[in-house]
1. Does any residue of the stretch 112-121 turn out to be within 14 Å of SER32 (Cα to Cα), at pLDDT 90 or above and under 15 Å from the mean Cα position of the chain (by Cα)?
2. If you go through the stretch 12-33 one residue at a time, do you hit one that is modelled with pLDDT of 85 or more, more than 22 Å from PHE115 (Cα to Cα) and assigned to a helix (DSSP H, G or I)?
3. Select from the stretch 86-103 the residues that are among the hydrophobic types (A, V, I, L, M, F, W, C), surrounded by fewer than 16 Cβ atoms within 10 Å (Cβ to Cβ) and either in contact with a Pro (Cβ under 7 Å, 6 or more places away or on another chain) or within 15 Å of ALA16 (Cα to Cα) (or both) and list them in ascending order.
4. For the stretch 66-75, state whether one or more residues are within 24 Å of HIS11 (Cα to Cα), at pLDDT 85 or above and buried (at least 17 other Cβ atoms within 10 Å of the Cβ).
5. With respect to ALA44, is the statement that it is assigned to a loop (DSSP other than H, G, I, E, B), surrounded by 15 or more Cβ atoms within 10 Å (Cβ to Cβ) and among the aliphatic types (A, V, I, L, M) true?
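The values are calculated or read from the model by the stated rules, or taken from the named source; none is laboratory data. Nothing here was measured: the structure is a model prediction, and the numbers come from that model. Counting neighbours? That spans all protein chains shown, and the Cβs are built from the backbone with ideal geometry, glycine included.
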Amino acid sequence: PLEGGRWAHGHVRVAAVHQHHTQQLEGRLELSATAFLREKFGCATDLEARTRLGRFGITGPVALAPMRSLSGGQLVRVSLTALTWGDPHVLIVDEPTNHLDVYAIDALAQALHEFKGGALCVSHNRAFL
């Protein structure tokens, strides 16, 4: 926040992403999505990284290709995989549908619907909301 603040219990895991969340990937685009997640989270195995990527539709050769070759929607999916890595209790997402095609938006809506925690979502996409 620019001012004010937030308070959460010390054991609550909150994951937040702003509408330009793929910027975390800049400078790492030569890596595959699998390698990026292994590097970012240290202890992740290829199998664990690929399983989590698969939940967001990044499978097969796409998970192993350099991220610079991925579409904007695929990069969003990689970013969302990283967002949910720590199994957060609460998700705060700002314009998560940016760069996503209709199929990815449907998948994201389904994933948020199935999410076991709380979610705060800001979007101009009324159909998504």
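1. no
2. yes
3. VAL90
4. Scanning the stretch 66-75, I find no residue that is within 24 Å of HIS11 (Cα to Cα), at pLDDT 85 or above and buried (at least 17 other Cβ atoms within 10 Å of the Cβ), so the answer is no.
5. Considered against the rule, which asks whether it is assigned to a loop (DSSP other than H, G, I, E, B), surrounded by 15 or more Cβ atoms within 10 Å (Cβ to Cβ) and among the aliphatic types (A, V, I, L, M), ALA44 comes out as yes.
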